[in-house]
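Q: To start, I am sharing the structure in question, which I have written as structure tokens.
The values are calculated or read from the model by the stated rules, or taken from the named source; none is laboratory data. Not measured: the values here are computed from a predicted model. With ideal geometry, Cβ positions are generated from the backbone for all residues, glycine too; neighbour counts draw on all protein chains shown.
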Amino acid sequence: MPTSTTHSMSPWTLVAEASLLVQGVMLILVLASLISWFLIIQRSSLMSAAKRSLTRFERSFWSKDTDLQQLYQQQQPDSPGVEGVFHAGYSEFAHMRAQQSDPDAVMEGVQRAMRVAISQEEERLEKNLPFLATVGSVSPYIGLFGTVWGIMNSFIGLSQSEQATLSAVAPGIAEALIATAIGLFAAIPAVIAYNRFAARSEGLISRYYTFAEQFSTLLHRRLHSRAEQ
């Protein structure tokens with residue numbers, strides 16, 4: 001008898017014996033959690049790669065023997081990260097310098113091109129982060145809905161029972177609380193991941209803007225030095 005009671009109160013049995021609505025809530029939360037973990041792994045890999053790429057490119061860019069033209073030819077137009085920012089800026093610089101004699105007009109075009117590239121990179125880094133934020137904020141309420149529904153059904157069943165005992169209502173309450181637990185399991189990692197990725201994305205974008213300013217200064221000096229010659 002103790003073995004049977006333990007079995008009937010096991011989490012898997014409670015989930016299997018839950019009402020269809022509560023099972024549907026649990027399924028939604030499990031799917032949300034799985035998608036969240038997939039995005040967490042994907043975003044973590046992407047941002048780690050972006051940080052490594054930024055560090056490597058800055059080391060190459062600021063080395064003494066770096067030739068900007070040669071470095072530009074090594075990059076692809078659709079390169080992600082700081083390489084794309086550099087490529088957009090230098091490409092616009094070469095194009096505008098061939099058509100414009102005014103250094104200020106050239107630099108305005110270069111800065112505009114790099115701002116567009118940084119905006120595209122910001123969109124790439126922050127892609128799917130709103131989903132994590134939504135899971136983190138909504139999942140506890142979805143789980144709470146399943147909990148309220150399960151407890152309500154338990155008390156309705158208890159009111160129709162001739163003998164009101166704790167053992168009669170305990171399974172229903174337990175299965176309802178599982179919905180809350182799954183909701184928290186889905187929400188907590190999503191919230192932590194969203195906050196972490198948002199901070200990392202902001203840090204990377206800030207470094208991109210810093211690089212763009214430094215690169216603009218370098219190109220500006222080159223333009224004026226040639227104009228003086």
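Q: Got a number for residues in segment 119-141 being more than 26 Å from Leu177 (Cβ to Cβ) and under 10 Å from the mean Cα position of the chain (by Cα)? Break it down into steps so the answer makes sense when it comes.
A: Here is the first cut: in segment 119-141, the residues more than 26 Å from Leu177 (Cβ to Cβ) are 119-131.
If we keep only those that are under 10 Å from the mean Cα position of the chain (by Cα) too, we end up with 124-131.
Qualifying residue count for the region: 8.
Q: Could you list, in sequence order, all residues of segment 76-89 that are in contact (Cβ under 8 Å) with a residue 40 or more places away in the chain and either in a loop (DSSP other than H, G, I, E, B) or of a type in the set (Phe, Trp, Tyr) (or both)?
A: Passing the criteria: Pro80, Gly81, Phe86.
Q: How about segment 95-128: which of its residues are of a type in the set (A, V, I, L, M, F, W, C) and either touching an Asp or Glu at 6+ places or on another chain (Cβ under 6 Å) or surrounded by 17 or more Cβ atoms within 10 Å (Cβ to Cβ) (or both)?
A: Met96, Val106, Met107, Val110, Ala113, Met114, Ala117, Ile118, Leu125
Q: Can you find a residue in segment 98-111 that is in a helix (DSSP H, G or I), under 12 Å from Ser216 (Cβ atoms) and modelled with pLDDT under 80?
A: Within segment 98-111, one or more residues are in a helix (DSSP H, G or I), under 12 Å from Ser216 (Cβ atoms) and modelled with pLDDT under 80.
Q: Of the residues in segment 29-46, how many are surrounded by fewer than 21 Cβ atoms within 10 Å (Cβ to Cβ) and closer than 13 Å to Ala181 by Cα?
A: 2
Q: Just one of Leu71, Leu39 is closer than 30 Å to Phe131 by Cα and either assigned to a helix (DSSP H, G or I) or in contact (Cβ under 8 Å) with a residue 12 or more places away in the chain (or both); which is it? Explain how you work it out, then say what you get.
A: Details: Leu71 fails: closer than 30 Å to Phe131 by Cα.
On inspection, the qualifying residue turns out to be Leu39.
Q: Does segment 121-178 hold any residues that are assigned to a helix (DSSP H, G or I), modelled with pLDDT of 90 or more and not hydrophobic (A, V, I, L, M, F, W, C), and which are they?
A: Across segment 121-178, the qualifying residues are Glu121, Glu122, Glu123, Arg124, Pro130, Thr134, Gly136, Ser137, Ser139, Pro140, Tyr141.
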